[in-house]
Amino acid sequence: HLAALVLARGGSKGIPLKNIKLLAGVPLIGWVLRAAIDAGVFQSIWVSTDHDEIEKVAKQFGAQVHRRSPEVSQDSSTSLEAITEFLNHHQEVDIVGNIQATSPCLHPSDLIKVADMIQKEGFDSVFSVVRRHQFRWSEVKKGENKMTEPQNLNPAKRYRRQDWPGELYESGSFYFAKRHLIEKGYLQGGRMAYYEMRAEHSVDIDIDIDWPIAEQRVLSFGYFGKEPLKEVKLLVCSIDGCLTNGRIYVTEDHKEMVSYDYRDIVGIDLLKKRGIQVRLISDRDCSKTLSAMQLGCVAKVNVTNKLQVLKDWQEDLGLSWKEVAYLGNEESDVECLKQAGMSGVPADGCAAAQKAAGYICKSRGGCGAVREFAEHIFLLLEKVNSARKQ
């Protein structure tokens, strides 16, 4: 029984609740859980946590949850202690694949190869490494009267990068080990082997300043699912709660007014300029509002079945679902979010919509969410174009 185990403690000195902070629209832990599930080599996939919100996110992504004890949830607690506790509660597990939540560019193909190494090739432990081409020098502490010394180079004959194989460093992405080894107090031991990861997949988030860099890396090199990405050609956006903030203001003479963010209008214009159709949908009759906004978009209001409208538009345009994006925020949008190839919700979207969506905006509805989702689409289009060139 090979079990994947992600350790996700609620406390974090660097970034509060780092493990579920959104990275490129997906909770950090979601990236590795998606890779573990799609690898198809684990008999069970677990998240060990002491926090209710992390448990909720873990279950949304299809993992089981082990509630760890306070004794192994301290700042001073080690990974080995948490893994040992997990094994004490799960006697069925023979091998643990400890996957780090902070490695969002992990791919299923890496996990499949490592599972083969430990299950078929007989290794007791396998861990991830990355190759680096960095020259090391000895440290000279303040007050010491000595010179630094080269550690892995001859200064008189410095290697060119292409002539030097570099050195292997632990990447921290994962540590696989058999039960008998862990019970002896080791994560690495017995018949050991390393697995060399590609440098672009070895992203480790430790401090807040790494976050913007990691978002760009994950958009370029992250794993987005089994199906290849396709170029989005249609965005369907729910009006109330996405394009607007969902509030309706009523004047004394019974006229309705809504507010919207000009950034979202710019986002729609940018999508159109990129050749992406934008269509709007609403549960209620807001035709007067749309007329006043002068967006020039096809719209359908008073809709009782949003999914059927979405299917009709998709078929009329001759598009695959992978070419359709949907931005929604309410329970009436859930089925559309599940069906569309790319889906998003504003930060204040309902829980059911957030669970169904692939991207959760940092912006609230009516406060830039459409523009933000448009930017996300553009970034993924760059990923599609890059894949085509390769």
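Step by step: first the residues of segment 144-171, then only those that are within 24 Å of THR102 (Cα to Cα) and not aromatic (Phe, Trp, Tyr), then the one that is least open to solvent (accessible area, probe 1.4 Å). Which residue is that?
First, pick out the residues of segment 144-171 that are within 24 Å of THR102 (Cα to Cα): 167-171.
Narrowing the set further to residues that are not aromatic (Phe, Trp, Tyr) leaves 167-168, 170-171.
Values: GLU167: 43, LEU168: 66, GLU170: 91, SER171: 16 Å².
By that ranking, first place goes to SER171.
Please verify whether segment 193-209 includes one or more residues that are in contact (Cβ under 8 Å) with a residue 24 or more places away in the chain, loosely packed, with under 15 Cβ neighbours inside 10 Å and of a type in the set (Val, Ile, Thr). Scanning segment 193-209 turns up at least one residue that is in contact (Cβ under 8 Å) with a residue 24 or more places away in the chain, loosely packed, with under 15 Cβ neighbours inside 10 Å and of a type in the set (Val, Ile, Thr). Scanning segment 88-106 for residues that are farther than 24 Å from ILE205 by Cα and part of a strand (DSSP E or B) returns a single hit, ILE95.
When segment 25-38 is filtered for residues that are among the hydrophobic types (A, V, I, L, M, F, W, C) and surrounded by fewer than 23 Cβ atoms within 10 Å (Cβ to Cβ), the ones remaining, listed by number, are VAL26, ILE37.
Taken over segment 148-183, the residue count meeting the criterion of being part of a helix (DSSP H, G or I), at pLDDT below 90 and of a type in the set (Lys, Arg) is 2.
Does ASP283 fit the bill of being touching a Lys or Arg at 6+ places or on another chain (Cβ under 8 Å) and in a loop (DSSP other than H, G, I, E, B)?
Numbers: touching a Lys or Arg at 6+ places or on another chain (Cβ under 8 Å): yes; in a loop (DSSP other than H, G, I, E, B): yes.
In short, yes.
If you check PHE174, PHE123 for being closer than 18 Å to SER79 by Cα and open to solvent by less than 60 Å² (accessible area, probe 1.4 Å), only one passes: PHE174. Criterion applied to LEU219, LEU280 was being under 18 Å from GLN339 (Cα atoms) and either touching a residue at least 40 places away in the same chain (Cβ under 8 Å) or not polar (S, T, N, Q) (or both), and the one residue passing it is LEU280.
Given the options GLU55, GLU85, GLU71, name the one that is surrounded by fewer than 16 Cβ atoms within 10 Å (Cβ to Cβ) and outside any loop (DSSP other than H, G, I, E, B). Full working, then the answer.
On the way: GLU55 fails: surrounded by fewer than 16 Cβ atoms within 10 Å (Cβ to Cβ); GLU85 fails: surrounded by fewer than 16 Cβ atoms within 10 Å (Cβ to Cβ).
Exactly one residue qualifies, and that residue is GLU71.
Filter segment 184-213 down to the residues that are assigned to a helix (DSSP H, G or I) and touching a helix residue (DSSP H, G or I) at 6+ places or on another chain (Cβ under 7 Å) and list them by number.
Of segment 184-213, the ones assigned to a helix (DSSP H, G or I) are 199-201, 208-213.
GLU200, HIS201 - these are the residues of segment 184-213 that are assigned to a helix (DSSP H, G or I) and touching a helix residue (DSSP H, G or I) at 6+ places or on another chain (Cβ under 7 Å).
Could you say whether any residue in segment 244-254 is part of a helix (DSSP H, G or I), in contact (Cβ under 8 Å) with a residue 24 or more places away in the chain and buried (at least 21 other Cβ atoms within 10 Å of the Cβ)? No: zero hits.
Do we find that GLY10 is modelled with pLDDT under 95, assigned to a loop (DSSP other than H, G, I, E, B) and closer than 13 Å to THR102 by Cβ in this structure? Steps first, please.
Numbers: modelled with pLDDT under 95: yes; assigned to a loop (DSSP other than H, G, I, E, B): yes; closer than 13 Å to THR102 by Cβ: no.
It is false that GLY10 is modelled with pLDDT under 95, assigned to a loop (DSSP other than H, G, I, E, B) and closer than 13 Å to THR102 by Cβ.
Residues in segment 2-41 that are touching an Asp or Glu at 6+ places or on another chain (Cβ under 7 Å) and on the phi > 0 side of the Ramachandran plot: LEU17, ALA24.
The values are calculated or read from the model by the stated rules, or taken from the named source; none is laboratory data. No experiment lies behind these values; they were computed from the predicted model shown. Quick reminder, even Gly has a Cβ in these numbers, built from the backbone with ideal geometry, and neighbours come from all protein chains shown. All accessible areas refer to the heavy atoms of the entire protein, side chains included, with ligands and DNA or RNA removed. Shrake-Rupley method; radii C 1.70, N 1.55, O 1.52, S 1.80 Å.
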